Amino acid sequence: MFMKKRLSIGMVLVLSLMIVSVVSAEKLGVGVENNFLDDGSVDFRITLYDDDLNKIDGRVEYVILNPYSDEIASGVVDSGDVVDFLVPESEYSGTWGINANYGDVSVSEKFLIDELKKVDIRLEEDYLVVTNIGNAFYDKKILIKIGGEDQTAIVYLDVGQSKKIKLTAPQGEYTVTVNDGGKGDDLVFSNVQLTGNVVGLERVVEGGFWKQYPLVSLFLVVLLLVVVVVVTSKLYHKFSKK
């Protein structure tokens with residue numbers, strides 16, 4: 001009987017402590033410490049406060065939402081700790097949100113992710129492949145040096161889109177240097193085998209006939225739809241008269 005009484009008292013104390021710990025958290029604060037670092041991350045701090053707005057300890061759940069309210073990340077963080085959130089490649093800039101919860105206490109905050117114009121550039125044989133890995137439309141000039149001659153490519157890329165640039169030069173082996181106007185060092189590709197009449201660049205449209213000739217493709221699609229409508233109409237009138 002005495003043991004049962006001690007257990008009951010212990011359970012009451014534990015429950016009381018749990019209730020106090022939840023009730024004492026009167027406020028949640030979310031502070032964004034930057035909008036977008038060069039490494040593509042955002043830092044934010046979630047803090048629990050008591051009645052007197054003093055920081056208290058606790059584990060806080062959080063969810064990060066993109067501008068379209070899609071859940072991009074979630075986790076648990078200690079009160080007052082900084083979360084270094086790495087924004088996924090090709091996620092759009094704009095107004096994002098953080099929802100934080102601790103027991104019955106919750107808070108929603110908005111933060112802005114600035115535009116990041118960034119491309120990945122790699123060499124495939126005599127082609128430069130440029131891919132937009134930022135979160136905004138890319139419209140910049142890329143400086144390309146083939147041997148000792150400068151060439152400029154004006155690149156327009158939607159988020160996640162890739163394009164190829166064919167490098168040409170009189171047959172031989174060249175060092176190709178690329179600068180996209182960013183803060184990083186030049187990209188240097190050595191021993192690149194090139195062929196052609198003159199030093200230059202050619203933009204390459206990837207894909208088959210439909211991508212290479214979009215206007216012709218559109219015309220053929222429209223023509224096909226017209227043929228289908230005409231044939232369907234004739235068949236309908238033919239069988240409706242029977």
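The values are calculated or read from the model by the stated rules, or taken from the named source; none is laboratory data. If you're wondering where the values come from, they're calculated on a predicted model, not measured in any experiment. Here the Cβ is made from the backbone with ideal geometry for all residues, glycine too, and neighbour counts use every protein chain on show.
How many residues, within region 101-146, are touching an Asp or Glu at 6+ places or on another chain (Cβ under 7 Å), within 25 Å of Asp180 (Cβ to Cβ) and not in a loop (DSSP other than H, G, I, E, B)?
7
Got at least one residue in region 171-179 being among the small types (Gly, Ala, Ser), at pLDDT 90 or above and over 28 Å from Gly134 (Cα atoms)?
yes
Can you pull out the residues in region 67-81 that are at pLDDT below 90 and surrounded by 11 or more Cβ atoms within 10 Å (Cβ to Cβ)?
Of everything in region 67-81, just one residue is at pLDDT below 90 and surrounded by 11 or more Cβ atoms within 10 Å (Cβ to Cβ), namely Pro67.
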